[in-house]
1. Mind grabbing the base-10 log of I(q)/I(0) for segment 302-431 at q = 0.10 Å⁻¹? Debye formula, identical points on the C-alpha positions, no solvent, two decimal places.
2. Simple spin-label model, 7 Å along Cα-to-Cβ: K276 to S405 in nm?
3. Packing-wise, with mean Cβ within 10 Å as the measure, how do 144-153, 226-235, 300-309 rank, highest first?
4. Using square roots of five times the C-alpha gyration tensor eigenvalues, list the equivalent-ellipsoid semi-axes of segment 191-278 in whole Å, biggest first.
5. Taking just the alpha carbons, could you work out the radius of gyration and Dmax for segment 224-269, both in angstroms?
6. Cα centroid distance between segment 28-78 and segment 279-304, in Å?
7. Report, ordered by chain and residue number, the aspartates and glutamates lying within cross-link reach of K180, taken as a straight Cα distance under 20 Å and ignoring same-chain residues fewer than 8 apart.
8. If I histogram all Cα-Cα distances within segment 155-200 using bins 10 Å wide from 0, what percent of pairs lands in each bin?
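The values are calculated or read from the model by the stated rules, or taken from the named source; none is laboratory data. Please read these numbers as outputs of a predicted model, since none were measured by experiment. Cβ placement follows ideal geometry from the backbone for every residue including glycine, while neighbour counts extend to all protein chains displayed. Each accessible area value is taken on the protein alone, full model and side chains, heavy atoms only, with ligands, DNA and RNA left out. Shrake-Rupley method; radii C 1.70, N 1.55, O 1.52, S 1.80 Å.
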Amino acid sequence: MTAQTITIRDNRTNREVDFPIMHGSEGPDVVDISSLYKELNLFTYDPGFRSTASCQSRITFIDGEEGVLLYRGYPIEELVEKCDHLEVCYLLLNGELPSKKQGLEFKKTVAKHTMMHEQLLKLYNGYRRDAHPMAIVLGVVGALSAFYHDSLDIRDPRHRLISAFRIIAKMPTIAAAAYKYYTGQPFMYPRNDLGYAENFLYMLFAVPCEEYKVSPTLARALDRIMILHADHEQNASTSTVRLAGSSQANPFGAISAGVGSLWGPAHGGANEAVLKMLHTIGSCDRIPEFIKRAKDPNDPFRLMGFGHRVYKNYDPRAKILRQTAHEVLNEVGYGNEPLLHIALELEEFALRDEYFIRKKLYPNVDFYSGLILSAMGIPVNMFTVIFAVSRCIGWITQWNEMISSDEGIGRPRQLYVGHQRRSVPDAEQRG
Ligand code: ACO
């Protein structure tokens with residue numbers, strides 16, 4: 001079979017060049033235009049990367065039209081039912097699910113890395129007490145590069161694996177310490193006899209003066225949230241990690257850049273924004289007023305937790321979390337939580353509204369995750385931190401894939417629309 005191509009004809013010069021079409025295992029084909037500049041002296045223009053595949057990847061597949069999310073080929077709905085978060089971490093990193101023995105070995109190795117260097121703990125004292133925990137996590141993750149730089153040869157797969165273990169194991173500890181810092185409570189050291197989510201809840205909520213027992217329902221719900229947030233192909237923060245790491249920078253520096261990108265309300269900060277919005281709406285009878293505002297092109301208000309760059313259908317993660325929200329709220333006795341009622345009615349209202357139907361705006365993962373975390377007693381400004389803890393496996397796996405692939409440094413070009421060359425006037429001639 002002859003290779004499929006797309007022909008680009010430059011009307012200015014009448015030159016025609018064929019560009020190869022590449023086929024993935026799922027999803028749309030792509031046209032390889034890497035030689036476009038060499039052949040036609042042209043760049044492509046695609047701000048926001050709406051039609052651009054930035055890399056080849058074997059990790060995660062999304063079908064936004066059908067609402068499908070696969071990690072290494074496995075549907076997210078099945079992974080949530082049959083695996084825990086660390087097994088999913090193993091899957092993402094290694095490409096296959098672990099055997100029982102491999103899973104236990106993996107968990108033992110993660111447990112060996114859960115503590116932070118004591119010197120890192122001192123760093124927290126340099127932050128203002130009212131610092132946003134994302135600001136602290138961003139700084140402390142970057143600071144890991146000062147502790148593990150010397151042993152890191154990023155061309156050595158074993159060194160890269162050790163970095164992966166370190167980031168997976170230390171993220172909950174770093175995040176919990178940020179929470180303890182601003183609440184003024186003593187830092188709790190990790191407990192390696194507990195599961196991953198269980199230990200995280202323990203470090204967040206235990207205090208040294210009394211016994212603390214982690215609720216299995218809450219630990220399972222958090223574990224589920226972590227699985228659902230573990231990776232999401234080339235989103236803004238993951239692309240940030242890959243681009244930052246493409247210069248062969250230290251991986252902790254690259255992941256710290258990813259934390260910064262995740263923080264924004266259009267990305268990981270949305271679950272925080274959802275809860276604030278539900279509080280602002282305050283009661284079900286005000287929903288039509290806010291729906292009207294969301295549809296008004298002259299009003300910057302958007303319905304937070306609705307819409308997604310890729311999903312033009314119900315976000316499959318939101319479906320799972322809708323169910324989890326009910327389980328958690330039942331367990332903690334929030335059966336009549338007013339925000340849940342507002343959320344459910346808002347969702348129903350929006351799904352029936354012509355504007356939201358036409359623009360294919362469905363609830364995304366953040367619509368329910370904030371409600372669940374809030375019911376667990378996690379404060380709103382920790383929501384994006386929980387997302388960062390969950391996503392660190394995706395970031396390190398994608399970084400590892402990028403380093404292994406010899407993609408080279410990522411360096412987009414631009415359409416320059418500024419001044420053409422001009423001379424600098426003397427000081428007295430300016431203004
Ligand atoms: N409420 C009201 N209108 C919306 C919303 C919304 N939540 N989302 C999109 N729209 C409208 C836009 O106004 C735009 O209308 P127009 O064509 O008349 O200008 C149209 O839908 C397309 O919106 P874009 O912003 O161009 O779509 P994009 O794919 O760039 O944005 C995004 C996706 C950023 C997620 C957007 O839907 C949004 O801001 N949602 C609210 C924030 C949110 O929930 N973010 C979480 C994303 S999930 C995650 O990061 C894990």
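1. Treating every Cα as an identical point scatterer, log10 I(q)/I(0) equals -0.56.
2. 3.4 nm
3. Numbers: 144-153: 14.6, 226-235: 23.6, 300-309: 19.5.
Ranked from most to least packed, the peptides come out as 226-235, 300-309, 144-153.
4. Numbers: eigenvalues 175, 66, 31 Å².
Taking √(5λ) for each Cα gyration eigenvalue gives 30, 18, 12 Å.
5. Considering segment 224-269 through its Cα atoms, Rg and Dmax are 10.9, 34 Å.
6. The distance from the Cα centre of segment 28-78 to that of segment 279-304 comes to 34 Å.
7. E118, D130, E198, E210, E211, E272
8. 25, 42, 25, 8, 1
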